[in-house]
1. Would you check if there is a residue in segment 52-61 being surrounded by 18 or more Cβ atoms within 10 Å (Cβ to Cβ), touching a residue at least 60 places away in the same chain (Cβ under 8 Å), in contact with a Pro (Cβ under 7 Å, 6 or more places away or on another chain) and in a helix (DSSP H, G or I)?
2. Can you name the residue in segment 68-125 that is part of a loop (DSSP other than H, G, I, E, B) and either among the aromatic types (Phe, Trp, Tyr) or in contact with a His (Cβ under 8 Å, 6 or more places away or on another chain) (or both) and, of all such residues, is nearest to Trp169 (Cα to Cα)?
3. Just to check your reading of the model, which residue among Ala82, Ala93 is among the aliphatic types (A, V, I, L, M), in the same structural domain as Thr21 (by TED's automatic domain parsing), under 24 Å from Leu187 (Cβ atoms) and buried (at least 18 other Cβ atoms within 10 Å of the Cβ)?
4. Being part of a helix (DSSP H, G or I), more than 18 Å from Ala92 (Cβ to Cβ) and modelled with pLDDT of 90 or more narrows it down to one residue among Ser201, Ser171, Ser139; which is it?
5. Any residue in segment 1-27 that's not assigned by TED's automatic domain parsing to the domain that holds Glu71: show its pairings with residues that are surrounded by 10 or more Cβ atoms within 10 Å (Cβ to Cβ) at Cβ separation under 8 Å, as long as the two are six or more apart or on different chains.
6. Looking for something in contact with a helix residue (DSSP H, G or I) (Cβ under 6 Å, 6 or more places away or on another chain), at pLDDT below 85, in a loop (DSSP other than H, G, I, E, B) and not charged (D, E, K, R) - is there at least one such residue anywhere in segment 31-46?
7. Among the residues of segment 7-30, which ones are over 26 Å from the mean Cα position of the chain (by Cα), of a type outside the set (A, V, I, L, M, F, W, C) and in a helix (DSSP H, G or I)?
Amino acid sequence: MRDGKFVEKVVLDPNFWKNITTCLKAANPLIKVFRLVDFDEKPAMPFIYEEVDRCKEKIQENFKKVKKSYESIWKIIDDRWASQLHRPLHTAAYFLNPHLRFDPNPENNYKVDLEVKMGFYDCLERMVLNQDERNKIDSQIDFFKARKGLFGSTQARNMWNKKSPADWWESYGDKYPELQRFAIRILSLTCSSSGYERNWSAFEMVHTKRRNRLHQKKMNDLVFVMCNLKLKDKQVRKKVELDDISLNDEWLANSQTNEELIDPESEDDIEDDFVEDDKEDELENHDSLETTFFNDEDDEENQDIEAEENDDMEDDF
């Protein structure tokens, strides 16, 4: 009773619902970012840097740009982003993402500032060890920024947001193979370890106490099969084709066909045929019963004859 009164007091308190509204204003944009990071359909690396900025802007709008309301939330996001999440790979992927660079929308906030450039060249230095190849990439990046060659073709302009960033580079970056290879390596990366955690859970299902002597290769094959079956089932659930659905209505079609074939005027004749068939069946059953009865009588006579012959043989002995 006391707990119920306490819950009633909390629920009816206006400050409680005010705090809930504040939490939702701050949490909803963050949840969108988390879903992007944990998304399996496409790599999140090309979008995470921009999405974090959009998240902060959305929180600012939710609090009607009152700085004292969202400033503390921004500080928490910035501290976590700077200390644990932000890496040069994020800015390099942002720099090479055609979805953001070539977006004609006036509200597009794409800009290459000092932080983005430093992240790009930091990744270039770490991932490409050959100095000559780095120089080629650095010179080729100007063609990408100016949209020259295949980058500026009509098809490339039309497909900037219809293909994933890595696929776009694979389609239109062939003239600059060093830059193309570098861009695809970065844009194909993920931002979360959730995929590996799912793989570990699959390993736990395969490698149990009873199956702890599996060879490494066999266990890898089993996990490979399990993961691919899960992906296949997931795709099947998302895309259901009506042509593959079996209606199992053959009985309905057959009944309709039978109704069409039967002439209403001949129904009486059909009933008479059924009656005659029933009579014939009864006669056959009766004959079979009589045959069985006579066969039984013959068996009894044969048994009596055999018994008399046995008695005669005993008398002779």
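1. Checked segment 52-61: no residue is surrounded by 18 or more Cβ atoms within 10 Å (Cβ to Cβ), touching a residue at least 60 places away in the same chain (Cβ under 8 Å), in contact with a Pro (Cβ under 7 Å, 6 or more places away or on another chain) and in a helix (DSSP H, G or I).
2. Filtering first and then ranking leaves Phe102.
3. Every option except Ala93 fails the conditions.
4. The conditions single out Ser171.
5. none
6. Yes, some residue in segment 31-46 is in contact with a helix residue (DSSP H, G or I) (Cβ under 6 Å, 6 or more places away or on another chain), at pLDDT below 85, in a loop (DSSP other than H, G, I, E, B) and not charged (D, E, K, R).
7. The answer is Glu8, Lys9, Pro14, Asn15, Lys18, Asn19, Thr21, Thr22, Lys25.
This table checks each residue for (1) within 20 Å of Arg181 (Cα to Cα); (2) among the small types (Gly, Ala, Ser); (3) touching a helix residue (DSSP H, G or I) at 6+ places or on another chain (Cβ under 7 Å).
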site: Lys111; (1), (2), (3): no, no, no
site: Asp122; (1), (2), (3): yes, no, yes
site: Arg126; (1), (2), (3): yes, no, no
site: Ser139; (1), (2), (3): yes, yes, no
site: Asp142; (1), (2), (3): yes, no, no
site: Thr154; (1), (2), (3): no, no, no
site: Lys162; (1), (2), (3): no, no, no
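The values are calculated or read from the model by the stated rules, or taken from the named source; none is laboratory data. These numbers come from a predicted model, not from an experiment. Neighbour counts run over all protein chains shown; Cβ positions are idealised from the backbone, glycine included.
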